Amino acid sequence: ERDKKLKKIYGDESVKTLLLDIHRGKCCYCERRRGKIELDVEHFRPKGAAKQARGAKKISPGYFWLACEWSNLYLACKPCNTSHKGILFPLADDSRRTRWRDDPHLIEDEEPLFIDPGVENPSDHLRYNDDAPEPKTRKGKVSIEELRLAGEKRPRLKESRLEKIKQLRLSCKTFELAFRNLDVAGMAGLLDEARLELRAAVQPSAEFSLMAANFIEDYFRKVGILIDFLD
(Lines give C-alpha, C1' and ligand atoms only; values in the text may rest on other atoms or scores of the structure.)
Protein backbone atom coordinates (compact mmCIF):
# COMPACT_ATOMS: atom_id res chain seq x y z
CA GLU A 1 0.00 0.00 0.00
CA ARG A 2 2.82 2.38 0.93
CA ASP A 3 4.62 1.64 -2.36
CA LYS A 4 1.48 2.41 -4.36
CA LYS A 5 1.06 5.76 -2.64
CA LEU A 6 4.69 6.67 -3.22
CA LYS A 7 4.54 5.67 -6.88
CA LYS A 8 1.58 7.97 -7.42
CA ILE A 9 3.84 10.82 -6.35
CA TYR A 10 7.19 10.14 -8.07
CA GLY A 11 5.41 8.46 -11.00
CA ASP A 12 3.22 11.48 -11.69
CA GLU A 13 3.55 12.81 -15.23
CA SER A 14 4.47 16.27 -13.93
CA VAL A 15 7.54 14.85 -12.16
CA LYS A 16 8.87 13.24 -15.33
CA THR A 17 8.12 16.34 -17.37
CA LEU A 18 10.11 18.51 -14.98
CA LEU A 19 12.99 16.02 -14.92
CA LEU A 20 13.02 15.98 -18.72
CA ASP A 21 13.54 19.72 -18.67
CA ILE A 22 16.20 19.58 -15.95
CA HIS A 23 18.11 16.77 -17.67
CA ARG A 24 17.57 18.25 -21.13
CA GLY A 25 16.20 14.94 -22.35
CA LYS A 26 19.45 13.10 -21.59
CA CYS A 27 20.16 10.05 -19.46
CA CYS A 28 21.94 11.19 -16.30
CA TYR A 29 24.51 8.40 -16.62
CA CYS A 30 25.36 7.78 -20.29
CA GLU A 31 24.29 11.21 -21.62
CA ARG A 32 22.43 9.69 -24.53
CA ARG A 33 19.38 11.72 -25.52
CA ARG A 34 16.22 9.66 -25.67
CA GLY A 35 12.50 10.23 -26.13
CA LYS A 36 10.25 10.65 -23.11
CA ILE A 37 8.91 7.10 -23.31
CA GLU A 38 12.48 5.70 -23.33
CA LEU A 39 13.50 7.46 -20.12
CA ASP A 40 12.62 6.45 -16.57
CA VAL A 41 12.38 8.34 -13.30
CA GLU A 42 15.48 6.93 -11.61
CA HIS A 43 16.09 6.58 -7.88
CA PHE A 44 19.81 7.07 -7.27
CA ARG A 45 19.45 5.25 -3.95
CA PRO A 46 17.11 2.31 -4.71
CA LYS A 47 13.79 2.61 -2.94
CA GLY A 48 12.67 -1.02 -2.48
CA ALA A 49 15.89 -2.93 -1.88
CA ALA A 50 19.59 -2.54 -2.60
CA LYS A 51 22.58 -4.70 -3.47
CA GLN A 52 26.23 -4.13 -2.65
CA ALA A 53 27.34 -6.21 -5.65
CA ARG A 54 25.91 -8.32 -8.44
CA GLY A 55 25.05 -11.73 -7.08
CA ALA A 56 24.97 -10.44 -3.50
CA LYS A 57 21.90 -10.76 -1.31
CA LYS A 58 19.24 -8.08 -1.44
CA ILE A 59 19.34 -5.57 1.37
CA SER A 60 15.79 -4.81 2.46
CA PRO A 61 14.28 -2.41 2.90
CA GLY A 62 15.91 -0.01 0.49
CA TYR A 63 15.87 3.77 0.81
CA PHE A 64 12.06 3.92 0.81
CA TRP A 65 11.96 7.24 2.69
CA LEU A 66 13.81 8.85 -0.24
CA ALA A 67 11.35 7.60 -2.86
CA CYS A 68 9.91 11.08 -3.42
CA GLU A 69 12.90 13.24 -2.49
CA TRP A 70 14.08 15.46 -5.35
CA SER A 71 17.68 14.88 -4.32
CA ASN A 72 17.21 11.18 -5.12
CA LEU A 73 15.28 11.52 -8.38
CA TYR A 74 16.98 11.61 -11.77
CA LEU A 75 16.19 10.65 -15.33
CA ALA A 76 17.86 7.61 -16.85
CA CYS A 77 17.51 5.56 -20.01
CA LYS A 78 16.09 2.07 -19.62
CA PRO A 79 19.41 0.26 -20.24
CA CYS A 80 21.20 2.29 -17.53
CA ASN A 81 18.30 2.24 -15.09
CA THR A 82 16.79 -1.21 -15.56
CA SER A 83 19.26 -3.45 -17.37
CA HIS A 84 22.43 -2.43 -15.57
CA LYS A 85 21.92 -0.39 -12.39
CA GLY A 86 18.65 -1.81 -11.12
CA ILE A 87 18.90 -2.08 -7.33
CA LEU A 88 22.70 -2.18 -7.40
CA PHE A 89 24.11 0.47 -5.06
CA PRO A 90 27.65 -0.31 -3.90
CA LEU A 91 29.27 1.64 -1.09
CA ALA A 92 32.96 1.97 -0.27
CA ASP A 93 32.06 0.65 3.20
CA ASP A 94 28.84 -1.38 3.24
CA SER A 95 28.80 -1.39 7.06
CA ARG A 96 27.96 2.32 6.95
CA ARG A 97 24.84 1.84 4.84
CA THR A 98 21.78 3.73 6.09
CA ARG A 99 18.87 1.35 6.68
CA TRP A 100 16.09 3.71 7.75
CA ARG A 101 15.39 7.39 8.17
CA ASP A 102 16.59 7.62 11.81
CA ASP A 103 19.49 5.21 11.44
CA PRO A 104 22.58 6.44 13.33
CA HIS A 105 24.45 5.75 10.09
CA LEU A 106 23.41 8.89 8.23
CA ILE A 107 23.22 9.32 4.48
CA GLU A 108 26.08 11.80 4.81
CA ASP A 109 28.25 8.98 6.17
CA GLU A 110 27.79 6.85 3.08
CA GLU A 111 30.31 6.85 0.24
CA PRO A 112 28.52 5.59 -2.89
CA LEU A 113 30.68 4.06 -5.61
CA PHE A 114 28.42 5.38 -8.35
CA ILE A 115 28.92 8.95 -9.54
CA ASP A 116 26.02 11.03 -8.25
CA PRO A 117 25.23 13.19 -11.31
CA GLY A 118 23.19 15.64 -9.27
CA VAL A 119 25.98 16.72 -6.94
CA GLU A 120 29.21 15.60 -8.61
CA ASN A 121 30.93 16.55 -11.84
CA PRO A 122 31.47 13.32 -13.80
CA SER A 123 34.64 14.87 -15.26
CA ASP A 124 36.22 14.55 -11.81
CA HIS A 125 35.88 10.78 -12.04
CA LEU A 126 36.19 9.85 -15.72
CA ARG A 127 37.24 11.17 -19.10
CA TYR A 128 36.85 9.98 -22.67
CA ASN A 129 39.49 8.74 -25.08
CA ASP A 130 37.59 9.20 -28.34
CA ASP A 131 34.32 7.35 -27.57
CA ALA A 132 35.67 5.24 -24.71
CA PRO A 133 35.24 6.36 -21.07
CA GLU A 134 38.30 5.85 -18.89
CA PRO A 135 38.29 6.06 -15.06
CA LYS A 136 40.17 8.71 -13.11
CA THR A 137 38.96 7.47 -9.71
CA ARG A 138 37.56 4.31 -8.11
CA LYS A 139 34.10 5.81 -8.39
CA GLY A 140 34.63 6.37 -12.10
CA LYS A 141 35.82 2.78 -12.55
CA VAL A 142 32.81 1.28 -10.78
CA SER A 143 30.37 3.54 -12.66
CA ILE A 144 31.88 2.62 -16.04
CA GLU A 145 31.98 -1.10 -15.29
CA GLU A 146 28.64 -1.59 -13.56
CA LEU A 147 26.60 0.71 -15.81
CA ARG A 148 28.37 -0.70 -18.89
CA LEU A 149 29.26 2.84 -19.95
CA ALA A 150 32.13 1.65 -22.15
CA GLY A 151 29.51 0.39 -24.58
CA GLU A 152 31.07 -3.03 -25.18
CA LYS A 153 27.70 -4.63 -24.36
CA ARG A 154 25.62 -1.67 -25.52
CA PRO A 155 25.96 -1.44 -29.32
CA ARG A 156 23.39 1.33 -29.73
CA LEU A 157 25.17 3.53 -27.21
CA LYS A 158 28.52 2.91 -28.88
CA GLU A 159 27.04 3.58 -32.33
CA SER A 160 25.57 6.90 -31.16
CA ARG A 161 28.89 7.97 -29.66
CA LEU A 162 30.84 7.05 -32.79
CA GLU A 163 28.44 9.07 -34.91
CA LYS A 164 28.99 12.05 -32.60
CA ILE A 165 32.77 11.60 -32.83
CA LYS A 166 32.53 11.63 -36.63
CA GLN A 167 30.71 14.98 -36.51
CA LEU A 168 33.16 16.42 -33.99
CA ARG A 169 36.18 15.34 -36.02
CA LEU A 170 34.79 17.07 -39.11
CA SER A 171 34.17 20.30 -37.18
CA CYS A 172 37.65 20.15 -35.64
CA LYS A 173 39.31 19.59 -39.02
CA THR A 174 37.32 22.46 -40.50
CA PHE A 175 38.41 24.75 -37.66
CA GLU A 176 42.04 23.67 -38.05
CA LEU A 177 41.99 24.24 -41.83
CA ALA A 178 40.45 27.70 -41.49
CA PHE A 179 42.77 28.64 -38.62
CA ARG A 180 45.87 27.78 -40.66
CA ASN A 181 44.63 29.53 -43.80
CA LEU A 182 43.02 32.73 -42.52
CA ASP A 183 44.62 34.70 -45.33
CA VAL A 184 42.41 32.84 -47.82
CA ALA A 185 39.07 34.43 -48.69
CA GLY A 186 36.11 33.01 -46.76
CA MET A 187 38.17 31.23 -44.13
CA ALA A 188 37.28 33.66 -41.33
CA GLY A 189 33.60 32.82 -41.76
CA LEU A 190 34.37 29.12 -41.87
CA LEU A 191 36.39 29.45 -38.67
CA ASP A 192 33.53 31.17 -36.86
CA GLU A 193 31.03 28.57 -38.06
CA ALA A 194 33.19 25.68 -36.86
CA ARG A 195 33.80 27.44 -33.54
CA LEU A 196 30.05 27.78 -32.97
CA GLU A 197 29.51 24.09 -33.76
CA LEU A 198 32.20 23.01 -31.33
CA ARG A 199 31.04 25.38 -28.61
CA ALA A 200 27.48 24.03 -28.96
CA ALA A 201 28.76 20.46 -28.65
CA VAL A 202 30.13 21.04 -25.13
CA GLN A 203 27.09 22.80 -23.68
CA PRO A 204 25.31 20.90 -20.87
CA SER A 205 22.25 20.57 -23.08
CA ALA A 206 24.22 18.75 -25.81
CA GLU A 207 24.23 14.98 -26.11
CA PHE A 208 27.52 13.43 -24.93
CA SER A 209 28.84 16.85 -23.90
CA LEU A 210 31.63 15.48 -21.68
CA MET A 211 32.86 13.17 -24.43
CA ALA A 212 32.76 16.11 -26.85
CA ALA A 213 34.79 18.35 -24.53
CA ASN A 214 37.46 15.67 -24.06
CA PHE A 215 37.64 14.91 -27.79
CA ILE A 216 38.00 18.57 -28.75
CA GLU A 217 40.67 19.18 -26.10
CA ASP A 218 42.65 16.14 -27.25
CA TYR A 219 42.34 16.99 -30.94
CA PHE A 220 43.67 20.52 -30.66
CA ARG A 221 46.39 19.56 -28.22
CA LYS A 222 47.67 17.01 -30.76
CA VAL A 223 47.69 19.53 -33.63
CA GLY A 224 49.22 22.26 -31.47
CA ILE A 225 46.41 24.81 -31.57
CA LEU A 226 45.48 26.63 -28.37
CA ILE A 227 41.72 27.02 -28.06
CA ASP A 228 39.70 29.14 -25.68
CA PHE A 229 36.07 28.33 -26.50
CA LEU A 230 35.61 25.41 -24.07
CA ASP A 231 35.66 27.66 -20.98
(message) Compute for the range 181-227: radius of gyration divided by Kirkwood radius, i.e. Rg/Rh, restricted to C-alpha atoms, rounded to two decimals.
(response) 1.04
(request) Using +1 at the Cβ of each Lys and Arg and -1 at the Cβ of each Asp and Glu in the chain, identify which of Cys68, Ala206, Pro135 lies farthest towards the dipole's positive end. (result) Cys68
(request) Let me know the charge dipole size of the range 12-139 about its Cα centre in debye, to the nearest 20, where only the beta-carbon of Lys, Arg (+1) and Asp, Glu (-1) is charged. (result) 520
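What's the Kirkwood radius of the chain in Å, using all Cα pairs?
Numbers: mean 1/r = 0.0515 Å⁻¹.
Radius from the Kirkwood sum: 19.4 Å.
Give me the Kirkwood hydrodynamic radius of the range 11-103 in Å, from all C-alpha pairs, to one decimal place? Before the final figure, lay out the partial values.
Numbers: mean 1/r = 0.0722 Å⁻¹.
It is 13.9 Å.
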(request) Please name whichever of Leu149, Leu182, Ser171 sits farthest to the positive end of the charge dipole of the range 131-191, dipole taken about the Cα centre and charges placed at Cβ: Lys and Arg +1, Asp and Glu -1. (result) Leu149
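Quote the FRET efficiency, to the nearest 0.05, computed for Lys166 versus Glu120 with a Förster distance R0 of 35 Å and r equal to the Cβ-Cβ distance.
Details: r = 29 Å, r/R0 = 0.84.
Given R0 = 35 Å and the Cβ-Cβ separation, E is 0.75.
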(message) Suppose only helical runs count, i.e. DSSP H with n ≥ 4. What mean residue ellipticity at 222 nm does that imply for the chain under -39500 (n - 2.57) per run, divided by all residues and rounded to the nearest 500 deg cm²/dmol?
(response) -11500 deg cm²/dmol
(request) Would you grab the residues whose amide H sits under 5 Å from the one on Leu88? Only those 5+ places off in sequence or on another chain, please, with H modelled 1.01 Å from N. (result) Lys51
(request) Sort 192-202, 25-35 for me by packing, meaning the mean count of neighbouring Cβ atoms within 10 Å per residue, highest on top. (result) 25-35, 192-202
(request) Determine the alpha carbon to alpha carbon distance for each of Lys36/Lys85; Lys16/Lys58; Lys16/Lys57; Lys141/Lys173 and list only those over 29 Å. (result) Lys16/Lys57; Lys141/Lys173
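Packing-wise, with mean Cβ within 10 Å as the measure, how do 128-137, 182-191 rank, highest first? Can you show the working numbers first?
Values: 128-137: 16.1, 182-191: 11.8.
Output ranking for 128-137, 182-191: 128-137, 182-191.
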(request) Please get the size of the charge dipole for the chain, origin at its Cα centre, with Cβ charges of +1 on Lys and Arg and -1 on Asp and Glu, quoted in debye to the nearest 20. (result) 1060
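If the viscosity is 1.002 mPa s and the temperature 20 °C, what Stokes-Einstein diffusion coefficient in µm²/s follows for the range 106-221 when Rh is the Kirkwood radius over Cα pairs? Could you put the intermediate results ahead of the total?
Numbers: Rh = 15.8 Å.
Value of D from the Cα-based Kirkwood radius: 136 µm²/s.
Say R0 is 41 Å: what FRET efficiency, to the nearest 0.05, do Ala188 and Glu134 get from their beta-carbon distance? Can you show the working numbers first?
Details: r = 36 Å, r/R0 = 0.89.
It comes out at approximately 0.65.
Determine the share of the chain's accessible area contributed by carbon and sulfur atoms, expressed in whole percent, with a 1.4 angstrom probe. If you can, show how the numbers build up before the last one.
Details: 6630 of 12670 Å².
Result for the chain: 52 percent of the exposed heavy-atom area is carbon or sulfur.
The values are calculated or read from the model by the stated rules, or taken from the named source; none is laboratory data. Computed from a predicted model, the values in this text were never measured in an experiment. For neighbour counting, all protein chains shown are included, and Cβ atoms are generated from backbone atoms with ideal geometry for every residue, glycine included. Ligands, DNA and RNA are excluded from the accessible area calculation, which covers all protein heavy atoms including side chains. Shrake-Rupley method; radii C 1.70, N 1.55, O 1.52, S 1.80 Å.
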